[in-house]
1. Could you tell me whether B:Gly137 is surrounded by 16 or more Cβ atoms within 10 Å (Cβ to Cβ), in a loop (DSSP other than H, G, I, E, B) and small (Gly, Ala, Ser)?
2. What number of residues within region B:90-110 are away from ligand 2 (no atom under 11 Å from the Cβ), at the interface with another protein chain (Cβ under 10 Å from one of its Cβ atoms) and charged (D, E, K, R)?
3. Within region B:267-280, does at least one residue satisfy the condition of being outside any loop (DSSP other than H, G, I, E, B), more than 19 Å from B:Gly95 (Cα to Cα) and either touching a residue at least 60 places away in the same chain (Cβ under 8 Å) or within 16 Å of ligand 1 (Cβ to nearest atom) (or both)?
4. Filter region B:220-241 for residues that are more than 13 Å from the chain's Cα centre (by Cα) and of a type in the set (A, V, I, L, M); which is nearest to ligand 2 (Cβ to nearest atom)?
5. List, please: which pairs have Cβ atoms under 9 Å, are six or more places apart or on different chains, and start with a residue in region B:210-228 that is surrounded by fewer than 24 Cβ atoms within 10 Å (Cβ to Cβ) and at pLDDT 85 or above and end with one that is among the β-branched types (Val, Ile, Thr) and assigned to a loop (DSSP other than H, G, I, E, B)?
6. So in region B:140-169, with the set limited to residues that are polar (S, T, N, Q) and surrounded by 17 or more Cβ atoms within 10 Å (Cβ to Cβ), which one is farthest from the other protein chains (Cβ to nearest Cβ)?
7. Select from region B:250-266 the residues that are assigned to a strand (DSSP E or B) and either within 16 Å of ligand 1 (Cβ to nearest atom) or among the aliphatic types (A, V, I, L, M) (or both) and list them in ascending order.
8. Restricting to region B:67-86, what's the tally of residues that are surrounded by 18 or more Cβ atoms within 10 Å (Cβ to Cβ) and away from ligand 2 (no atom under 14 Å from the Cβ)?
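The values are calculated or read from the model by the stated rules, or taken from the named source; none is laboratory data. Since the model is a prediction, treat every value here as computed from it, not as a measurement. Neighbour counts run over all protein chains shown; Cβ positions are idealised from the backbone, glycine included.
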Amino acid sequence: MANVFQRLNDWAKGVVLAIQDYFTLAWNAIRFAFARPFYGSDLVQQMDAIGVGSLGIVLLTGFFTGMVLALQSSVQLKTFGATLYIGRLVSASMIRELGPVLAGLMVAGRVGSGIAAQLGSMKVTEQIDALNTLGTDPIKKLVTPRVLAALIMLPVLTIINDLVGIIGGNVIASAYVGLPTSLYWRTVWEQIAAGGFTFRYIPNDFIQGIAKPFVFGGIISVTACYYGLRTTGGTEGVGQATTRTVVTASVLILVIDYFMTQVMLAVFSE
Amino acid sequence: MTSDDAPGGPGTQRRRADDRARVSTRTEVREAIRTEIAADAPTTSEMRVRRENAGMPVIELDHVSLAFDEPVLEEISFAANEGETVVVVGESGTGKSTILKLILRLLVPDKGRVLIDGEDITHLSFEEALKVRQKMGMVFQGAALFDSMTVFENVAYPLREHTDLNEDEIEARVREKLQFVDLDADQVMQMMPAELSGGMRKRVGIARGIANNPELILYDEPTSGLDPLTTGTITRLIMKLQRELGVTSVVVSHDIRSAFRMATKVALLYEHHVVFFGTPEEMAGSDNEYIRDFLGGF
Ligand SMILES: Nc1ncnc2c1ncn2[C@@H]1O[C@H](COP(=O)(O)OP(=O)(O)OP(=O)(O)O)[C@@H](O)[C@H]1O
Ligand SMILES: [Mg+2]
């Protein structure tokens, strides 16, 4: 009995320490962004890898998600004779939820795993020690550019994802339902306007739709760097690090998405 | 082309390699070691002169203890004076690499002190430690070349990080260092580490380690997993560095033979302790059971 309690205690301590390490890493990554030397070319390279590299997958998933949303909602709305509202449904779902979450999950799978694998193999081949030895802080050189790049690029990818999703909806709405394109886009705008505005011009839906991927970008990059830099045990360890990264980042994205939605609904619907 | 042919020519080396294969018993090993030492006599005496002139120890471990899950090092003490080469030998897993990481302050000891140029580095902050490390060059066991960069960028890395050299000066320095380790600069500079052979990687690793002209160089198993010829080349390289640049080195090695060739002093690790610290001659002449077994094992 005491043994079980002891084990539980050790486990809890381990979890608390891990969470502390995680936030320390996140804090250092951000802090170093404002201290010399700057690794500008690393940042550009990472923005290219994360942003441009993920563009194809984001275009593809966004387009098909928009199409399937339009298809499903057209079936439902037809029964009420309200197919006019397809645009509203597609844009609301894409901008508030599916755009950020899908882009997040895709990037977690594609970029998160890549970062974890790269840093993990650098760790097990002593390249991280080599950086330290050559007087470079590995967090600054490796983690900061990746976190910054993800913070910048994920919102951009999400906007693209939203846009192609809504275009996908447009294609289905006009092909299957015969809804005129101009009408479709008018309802899209109506939906956005219905969410209200901040500072008169910025739609609340956009704020929600950008805040989420910003947070998700942080989650993905910090999680990947965290597991990558803690890799032990050779190539097998690298495999574990990538798997853990994708699982942890995906779960965190879905959980945090729920709580962010709840907070934003409360804030914007006063 | 890997230019493994160093002074002496391939013929002499092949003969040496044959000798090596024939040696089997403990006495023969010791005899062979004595011969090797004699072969390098000028170097050894040269070093002896320098040792007498040398003042303070450049690297000193003072009763250092460290445990991970269980104790790894206990009460480790040894020192390397200026221009000396201390070779750390011991069985696998006894903590040899850990000693190098302590000197680099990648690890902090639980007890005891590590001194570099008389300065205690145990309590330095992370940023201060980065500064101290600039005095040191490290050659990693697997070379640890940055595999996203070319050979040129790898060797240039410490120069870009810590010097104000312009591009031309950097290139000149990189060429100089690559030539120093017997590599054809024009040929390898634009290659990626993955395209190099094991011996070439090690040599690029050494070139990167010395690019910044460090005062002390640490080597983790510079010759492990290499054929006898390449082992000979790298051993000679390390000796050349010591002779020509007068650097202080700590070498971790499995290869007792090359260890004896380059060592000013040997530290033998056994069961968490330094059980022997002295000159190669003293070690070869020792009657201690474990030391004799250890030497016989090679
Ligand atoms: N970061 C670490 N965490 C936990 N244990 C470690 C760590 N680094 C090393 N050890 C343990 O410390 C001991 C010494 O390791 P070290 O790598 O220094 O051995 P070594 O003498 O260099 O061995 P080899 O000759 O095989 O390279 C080993 O038992 C190893 O398992
Ligand atoms: Mg080792």
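1. No; evaluated as a whole, the condition is false for this residue.
2. Adding up the residues that qualify gives 1.
3. Yes, the conditions are met somewhere in region B:267-280.
4. Filtering region B:220-241 for residues that are more than 13 Å from the chain's Cα centre (by Cα) and of a type in the set (A, V, I, L, M), the one nearest to ligand 2 (Cβ to nearest atom) comes out as B:Leu226.
5. Close Cβ pairs satisfying both conditions: B:Ile210/B:Val181; B:Ile210/B:Val247; B:Asn212/B:Thr163; B:Asn213/B:Val247; B:Pro214/B:Val247; B:Glu215/B:Val247; B:Leu216/B:Val247; B:Ile217/B:Val247.
6. So, considering only residues that are polar (S, T, N, Q) and surrounded by 17 or more Cβ atoms within 10 Å (Cβ to Cβ), the one farthest from the other protein chains (Cβ to nearest Cβ) is B:Thr150.
7. Passing the criteria: B:Val250, B:Val251, B:Val252, B:Val266.
8. 10
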